Structure formats: structure tokens, C-alpha cells
1. Got the relative contact order for the chain handy, in percent, Cα pairs under 8 Å and 6 or more residues apart?
2. Taking the Cα atoms only, what angle lies between the long axis of helix 60-69 and the longest principal axis of the chain, rounded to 10 degrees?
3. Grab the other residues whose beta carbon is less than 11 angstrom from that of residue 79, score K and R as +1, D and E as -1, and report the net.
4. Excluding same-chain residues fewer than 8 positions from residue 45, which aspartates and glutamates have a Cα within less than 17 Å of its Cα?
5. Per residue of the chain, what 222 nm ellipticity follows from adding -39500 (n - 2.57) for every DSSP H run with n ≥ 4, rounded to the nearest 500?
6. Return the label of the correct value of Cα Rg over 2.2 N^0.38 Å, as calculated from the structure shown, out of [x] 1.04; [y] 1.43; [z] 1.31.
Amino acid sequence: MIDTTKKLSLEEALSAARETRALEIGTGAVRNTPREFQKQFGDQKAMIVADKNTFRAAGEFVLKAFQTEGLPMLDPFIFQSADLHAEHAFVT
């Protein structure tokens, strides 16, 4: 068990996390998405799930990066709701 009274390092936090396996922060980090996906999920197909704004901001770039690398992808799923936001009402 990790002592929660001390500040965790990124490595400690990721090793304690149940679902998050990696975190990359920095200029141009999004361009490493295909490499990190392959490292975490092997030859599985990737799928981008985003709202319209997020897809415009980063999803299109990620899609092109996967295509450039020749990695398998499913078609993106883009939420179309104009008022979509982080709210329990949008969870089904």
C-alpha cells in the first residue's frame, strides 16, 4: 500500500492506478500517441472517441498520425451534441 500522506512520484502514481498506464506531458506529446498506444495495446485497433471540439483540437492530428504509421484504427466516434460537457446526465 502506498503512503498517501507523502507526495507521489509520477511512477508511483501510475503503478497505483487501476486504469491509467502512462502519462506524457509536454509540447508535441500528442504526436507520440501511436507509439504509446502500440506499447500499451500491441496490435489492437485504436478508436478515437471525442466531442467535436476535442476532435478538431487533437483528434484529427492523432488520426493522421496513426494513418501515417500504418496502424489499424476503427472509425472515430464523434459526439455531436452541441452542449456536451462533463456531466452525469451524458453518461449512459
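Nothing in this text is a laboratory measurement; each read-out follows from the coordinates by a stated rule. All values derive from a computational prediction rather than experimental measurement. Positions of Cβ are backbone-derived with ideal geometry, glycine not excepted, and every protein chain shown enters the neighbour counts.
1. On the way: 63 pairs, mean separation 24.4, N = 92.
Relative contact order comes out at 27 percent.
2. 90 degrees
3. Values: positive: 52; negative: 51, 83.
Local charge sum for residue 79: -1.
4. Hits, sequence-local ones excluded: 36, 60, 69, 75.
5. Working: 3 runs with 26 residues, N = 92.
Helix contribution divided over all residues of the chain: -8000 deg cm²/dmol.
6. [z]
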